[in-house]
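Read the figures in this text as sums done on the coordinates, not as results from a lab. As the structure is a computational prediction, the values presented were derived from the model and not from experiment. Every residue, glycine among them, receives a Cβ derived from its backbone with ideal geometry; neighbour counts consider all protein chains shown.
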Amino acid sequence: MITLALSKGRIFEETMPLLAAAGIEVTEDPEKSRKLILATTRPDVRVVLVRASDVPTYVQYGGADLGVTGLDVLLENGNQGMYQPLDLRIAACRLSVAVRADYDYASAVKQGSRLRVATKYVGLARDFFATKGVHVDLIKLYGSMELAPLTGLADAIVDLVSTGSTLKANHLVEVERIMDISARLVVNQAALKLKREPIRRIIDAFASAIPSA
Ligand code: PRT
Ligand code: MG
């Protein structure tokens, strides 16, 4: 049995065409079912649904043989002990700094002010501002980062941006692009040795179906 860990939502949806290229179709709709283990048209392949930030943990410890997860998750929560053969170029976005449209970020940075930054990505934000030589107080949030500058909780946020419409709807502006993010295929190292052939075939099929840049 080959187990693939996915999270519901964009990762699941954008992985479906890659699975199709491997001749695999998931036979249940995760939005309509409460099942956490989904069967596929291949009797030897199943999908497990986990929280986006839990995908690397499942793969690292062998709860899943393969997984699809954002580079943001891998860099923030650790990517040790996994083989990372492919940038799948799906679920693409960028990690950025955003502030209220009426906040003068450039002046605050120039003056050496201490910035209060709210984010789910405390590690990535700390590294970014340290490299820039900007002093920050980091405030850890688990979601809805956009609210922090609007309520006075923080001067800035570090969050993912794709279309920019969430920032716009909340009168925030992007002031720095920290890095480009996309989803990666991760593989358990022991599984790659023990189930080499079937896993190789899935990796090759995924590789052939990656959207072009
Ligand atoms: O939602 P949950 O708390 O369960 O987990 P999650 O938010 O980690 O999962 P999910 O499914 O939302 O995201 C999974 C992965 O998709 C992330 O780890 C990223 O690698 C990738 N991804 C790509 C994104 C986005 N684009 C994205 N736009 N993840 C989140 N967003 C959010 C962003 O945080 C912001 O709130 O969408 C909003 C901005 O979108 P735009 O289009 O308005 O700019
Ligand atoms: Mg989300």
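Suppose we flag chymotrypsin sites (Phe, Trp or Tyr not before Pro) only when DSSP calls them loop and at most 13 other Cβ atoms lie within 10 Å. Which is the longest uninterrupted stretch of the chain?
62-141
At 0.36 nm per residue, and after removing the present C-alpha to C-alpha distance, how many nm does the segment from LEU160 to GLN84 gain when stretched out fully?
25.2 nm
Compute the signed sum of charges (Lys and Arg +1, Asp and Glu -1) over the other residues within less than 9 Å, Cβ to Cβ, of ALA183.
Local charge sum for ALA183: +1.
Taking GluC sites (Glu not before Pro) as exposed when DSSP calls them loop (any state but H, G, I, E, B) and at most 15 other Cβ atoms lie within 10 Å, what is the longest stretch of the chain free of them, the sites themselves excluded?
32-213
At a Förster radius of 25 Å, what calculated FRET efficiency corresponds to the Cβ-Cβ distance of SER212 and THR41, to the nearest 0.05?
So, using R0 = 25 Å, E works out to roughly 0.40.
For ASP87, what is the net charge nearby, where nearby means another residue's Cβ is under 11 Å from its Cβ and Lys, Arg count +1, Asp, Glu -1?
+1
Taking the DSSP beta bridges in the chain as the whole, what percent of them are antiparallel, to the nearest 5?
So the antiparallel bridges amount to about 65 percent of the total.
Test of understanding: what is the full-extension gain from ALA106 to ARG34, defined as 0.36 nm times their sequence separation minus their Cα-Cα distance?
Extra length available between ALA106 and ARG34 comes to 21.2 nm.
Enumerate the calculated ³J(HN,Hα) couplings along the range 122-135 in order (Karplus 6.51 cos²θ - 1.76 cosθ + 1.60, θ = phi - 60°), each rounded to whole Hz, writing x wherever the residue is Gly or Pro.
Those phi angles translate into 5, x, 5, 5, 4, 5, 4, 6, 5, 4, 7, x, 9, 7 Hz.
Ignoring solvent entirely, what values of log10 I(q)/I(0) come out of the Debye formula for the range 93-181 at 0.14 Å⁻¹ when each Cα is a single scatterer?
-0.41
Please state the relative contact order of the range 85-194 as a whole percent: Cα pairs under 8 Å, 6+ residues apart?
46 percent
Can you give the % of DSSP beta bridges in the range 93-181 that are antiparallel, to the nearest 5?
65 percent
Residue-wise, which Karplus ³J(HN,Hα) couplings in Hz belong to the range 17-32, taking 6.51 cos²θ - 1.76 cosθ + 1.60, θ = phi - 60°, and x for glycine or proline?
Karplus values, whole Hz, x for Gly and Pro: x, 5, 5, 4, 5, 8, x, 10, 10, 7, 8, 10, 8, x, 6, 9.
Taking 0.36 nm per intervening residue step and subtracting the Cα-Cα distance, what contour gain separates LEU75 from MET1 on full extension?
Additional length available on full extension: 23.8 nm.
Just the number, please: Stokes-Einstein D of the chain in µm²/s, Kirkwood Rh from C-alpha pairs, 25 °C, 0.890 mPa s.
132 µm²/s
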